[in-house]
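The values are calculated or read from the model by the stated rules, or taken from the named source; none is laboratory data. Given the structure is predicted, the values throughout are model-derived calculations rather than measurements. Cβ coordinates were reconstructed from backbone atoms using ideal geometry, including for glycine residues, and neighbour counts include every protein chain displayed.
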Amino acid sequence: MNKDNLHNSSLVFALDIGTRSVVGLLGKLEGKKLVVHHSAMEFHQKRAMFDGQIHDIEGVVEIVSKVKAQLEEKSGQKLKDVAIAAAGRALKTCRVEVVKELDEAKAIDKHLLDSIEIEGLQMAQMKLEEEAVELTNYYCAGHTIVNYHLNDGLMTNPIGHRGKKLRVDLIATFLPYIVVESLYTVIEKSGLNVHYMTLEPIAAIEVAVPNNVRLLNIAMVDIGAGTSDIAITKDGAVIAYGMTSTAGDEITEAIAKEYLLDFDNAEKLKCNLLKEEYQHFNDILGIERRVSTDEILDRVEGAISAIAKDIASTIIKQNGKAPSVVFLIGGGSQIPRLPGILADMLDIPKERVAVRTTEIIQNLEGGQLPVSGPEGITPVGILTKAIDSKAADFIEITVNKQKVKLFQTKELKVSDALAIISFNPRDLMPKRGKSLKVTINGIEKNLYGEYGEVAKVFLNNDITSLDAKIKNEDYITIIPAKAGKDAKATLRDLINLEPKIKVNDSRFNKLYDLKVNRKGAEGWQPLRDGDIITYREINTVADLCRFLDIDSNSKEICIKDQLVDANEPIMADAEIIIKEKPQEKPVEEEQKTAASTSNKDVMVILYNGNPLVIDKPHKDLIFVDIFNYIDFNRNKVMGKLVLKHNGGPADYMAPLRDGDSVEVRWE
């Protein structure tokens, strides 16, 4: 039905398709009053429905068609569009726990929480599908966060905090596709079109719960014949649903056993308990009986308590505690003593458990209602929701070119759409590049990869966020997040290889014996995860003597023309002079050897990366002389002989000077 016609002269058609009967209402808003102009009610002739779910489609079509025909005759108009509701007992509630490992360097933000919620909803849906006997798909009817735990500690709001692990407890409620599709099939086969669809508990809350108390924690219990359906509200929204398999039929069966009645007569007696002080009936033996209502209630109080116990335990399970108020609707709610027993079991004041009838519905002119007690709440609620709603509770949108139906039990967001299409929530968060962990002289060092780009969300071609509100026929496009670059580093990036020192005429790096995984390495060498780096450093004169393999006691060591001892620190770019320490000799011997001692300074060669100290001879050295100072067997060939002088190919006759670099090895 066109929304523009909802507030004009056109009547709105609402159907409550129940387990035992079908109720149809035709009404409209007149000023501020909801006026029911026509109504019709038909009982199922056979068990076409069980616990609110259609089993015999043709059987239900027959009854719906009768109700439709009666209303068309009464109103004198052809009915095409109808508002309906899915039974709350068909809802499935699932509780899941999502654990997310966090990057401690990054604060938790709303984007991360949204992605965790989506992951939780998908986990809950998969859990239900795994537990289902048959392959079943679900609409998400709502969800709520129970608790956050950051590093195993309870956290009210984790946004802005940092930690290693975030755990989220989530309750989600789902409606099986089959329930919705079977309702649509019945409506289509009855020659009607579904204009509006909602859930029975939501419709009931619309008229049974005043606006000024909807922010309270309320339990709405619809007690039918075979089941009791429970909806929990908080902060104006339905946060959980539940169902018990004990309801009015339990009382009927107890009465039948106690007083030898068939089921139908026991049902009539049960419905009359609220009306008269004494009950008159004939048992199956034909004996006429007159029994007080209080006596009957005493006899069946065990069954009443069993119903109350199941309802109370389900409320506590779904809500975590007793609610502020409990509203009872449905035919089974009229059982005397039930509200008081339920209040005792929930440990709340008796006045906080109330039976709601159509009489409490404000601005209702319901003279044409077929039922006016608590069983009339749901059909009036469906009619009210259909008239007042500005948008249908089911909407259709497109996500990445895929059409999706969503059940609008609340104001829907982009994140709700992603949950229903099984979009991987991990694709929303930018993945950090792989980290690089190395060990430098026994100390671990972590290098973190770069952060990637977050997912891009477009709503009708405009950039938006996961919190953006969506409506019917919206078009959503998601571009998954991009991973960041992996951490990369060379030895030179982590270790400063530049500092040098000068010893006599030779220059050396302060750092030496540089190795990666016990093998010699160069500064340009790229590192891999798990590499073990070792090196030695010349920080004191003692370190220098170990490096040169000399005895500091036999040498004069000067820094800035000052004699220093072994503990003297050596800074970068230090210039150090090392000489032989003069020995005390007779005067004539000193004169005799003066010339020779003046030339006995040391000469340092860098041999295969390590220093080699040579006493300066009386003659100049050439490259081939190096073999006189090293232990190298040239007679036994062990591969290709490599000879290098100052990084280039060696010339046997080239002069060998202080500070030269020499390589001699087999390859």
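Considering only residues of region 322-337 that are at pLDDT 90 or above, in a loop (DSSP other than H, G, I, E, B) and over 33 Å from the mean Cα position of the chain (by Cα), which is nearest to Ser21 (Cα to Cα)? So, considering only residues that are at pLDDT 90 or above, in a loop (DSSP other than H, G, I, E, B) and over 33 Å from the mean Cα position of the chain (by Cα), the one nearest to Ser21 (Cα to Cα) is Ile335. Taken over region 345-368, the residue count meeting the criterion of being within 21 Å of Ile304 (Cα to Cα), in a helix (DSSP H, G or I) and touching a residue at least 12 places away in the same chain (Cβ under 8 Å) is 3. Of all residues in region 181-216, exactly one satisfies the criterion of being of a type in the set (Lys, Arg) and either closer than 17 Å to Thr384 by Cβ or under 33 Å from the mean Cα position of the chain (by Cα) (or both), namely Arg214.
Could you say which residue among Gly320, Gly381, Gly302 is small (Gly, Ala, Ser) and closer than 25 Å to Asn265 by Cβ? Unique residue meeting the criteria: Gly302. With respect to the conditions (1) farther than 30 Å from Asn265 by Cβ; (2) touching a strand residue (DSSP E or B) at 6+ places or on another chain (Cβ under 7 Å), Lys234 lacks only one, and its number is (2).
For residues that are assigned to a loop (DSSP other than H, G, I, E, B) and surrounded by 11 or more Cβ atoms within 10 Å (Cβ to Cβ), tally how many sit in region 534-569.
6
When the criteria are applied in full, Asp620 fails the requirement of being closer than 20 Å to Phe547 by Cα, without any contact (Cβ under 8 Å) to a residue 60 or more places away in the chain and more than 60 Å from the chain's Cα centre (by Cα).
Would you call Ile304 more than 28 Å from Ser21 (Cα to Cα), surrounded by fewer than 22 Cβ atoms within 10 Å (Cβ to Cβ) and touching a Leu at 6+ places or on another chain (Cβ under 8 Å)? I'd like the intermediate steps shown before the answer.
Values: more than 28 Å from Ser21 (Cα to Cα): no; surrounded by fewer than 22 Cβ atoms within 10 Å (Cβ to Cβ): yes; touching a Leu at 6+ places or on another chain (Cβ under 8 Å): yes.
For Ile304, the condition - more than 28 Å from Ser21 (Cα to Cα), surrounded by fewer than 22 Cβ atoms within 10 Å (Cβ to Cβ) and touching a Leu at 6+ places or on another chain (Cβ under 8 Å) - is not met.
Out of Gln45, Gln53, one residue alone is farther than 19 Å from Glu73 by Cβ, among the polar types (S, T, N, Q) and more than 43 Å from the chain's Cα centre (by Cα). It is Gln45.
If I ask for residues that are crowded, with 18+ Cβ neighbours inside 10 Å, among the aliphatic types (A, V, I, L, M) and at pLDDT 85 or above, which ones from region 3-40 would you list? Residues satisfying the conditions are Leu11, Val12, Ala14, Leu15, Ile17, Val22, Val23, Leu25, Leu26, Leu34, Val36, Ala40. Considering the conditions (1) at pLDDT below 85; (2) surrounded by 15 or more Cβ atoms within 10 Å (Cβ to Cβ); (3) aliphatic (A, V, I, L, M), Ile626 is excluded by exactly one of them, (1). Within the group Glu181, Glu200, Glu131, Glu188, which residue is surrounded by 18 or more Cβ atoms within 10 Å (Cβ to Cβ) and of a type outside the set (Gly, Ala, Ser)? That would be Glu200, the only listed residue that is surrounded by 18 or more Cβ atoms within 10 Å (Cβ to Cβ) and of a type outside the set (Gly, Ala, Ser).
Scan region 50-58 and tell me whether some residue there is without any contact (Cβ under 8 Å) to a residue 40 or more places away in the chain and touching a strand residue (DSSP E or B) at 6+ places or on another chain (Cβ under 8 Å). Scanning region 50-58 turns up at least one residue that is without any contact (Cβ under 8 Å) to a residue 40 or more places away in the chain and touching a strand residue (DSSP E or B) at 6+ places or on another chain (Cβ under 8 Å).
Residues that are surrounded by fewer than 20 Cβ atoms within 10 Å (Cβ to Cβ) and either at positive phi or over 8 Å from the mean Cα position of the chain (by Cα) (or both) within region 97-110 comprise Glu97, Glu101, Leu102, Asp103, Glu104, Ala105, Lys106, Ala107, Asp109, Lys110, listed in sequence order.
Summed over region 489-503, residues that are crowded, with 17+ Cβ neighbours inside 10 Å and farther than 22 Å from Gly442 by Cα total 2. Of all the residues in region 45-77, those that are in contact with a Gly (Cβ under 7 Å, 6 or more places away or on another chain) and under 23 Å from Pro176 (Cα atoms) number 2. All of Glu277, Glu288, Glu258 fail the test of being at pLDDT below 95, out of contact with any Gly (no Cβ under 6 Å at 6 or more places or on another chain) and surrounded by 15 or more Cβ atoms within 10 Å (Cβ to Cβ), apart from Glu258. Does Val67 count as among the β-branched types (Val, Ile, Thr), buried (at least 18 other Cβ atoms within 10 Å of the Cβ) and touching a strand residue (DSSP E or B) at 6+ places or on another chain (Cβ under 7 Å)? It is true that Val67 is among the β-branched types (Val, Ile, Thr), buried (at least 18 other Cβ atoms within 10 Å of the Cβ) and touching a strand residue (DSSP E or B) at 6+ places or on another chain (Cβ under 7 Å).
Considering region 69-168, the qualifying strands (runs of 3 or more DSSP E), each wholly inside and each with 3 or more residues that are out of contact with any Cys (no Cβ under 7 Å at 6 or more places or on another chain), under 27 Å from Asn446 (Cβ atoms) and of a type outside the set (Phe, Trp, Tyr), run over 92-101.
For region 8-33, enumerate the residues that are out of contact with any Leu (no Cβ under 9 Å at 6 or more places or on another chain), more than 15 Å from Lys66 (Cα to Cα) and in a loop (DSSP other than H, G, I, E, B).
Asn8, Ser9, Ser10, Thr19, Gly31, Lys32
Mind checking which residues of region 426-483 are assigned to a strand (DSSP E or B), over 22 Å from Asp529 (Cα atoms) and without any contact (Cβ under 8 Å) to a residue 60 or more places away in the chain? Within region 426-483, Glu453, Lys456, Val457, Phe458, Leu459, Asp462, Ile463, Thr464, Lys469, Ile479, Lys482 qualify.
Elements of the type strands (runs of 3 or more DSSP E) sitting completely within region 179-258 and holding at least 3 residues that are within 28 Å of Glu396 (Cα to Cα): these cover 193-199, 228-234, 237-244.
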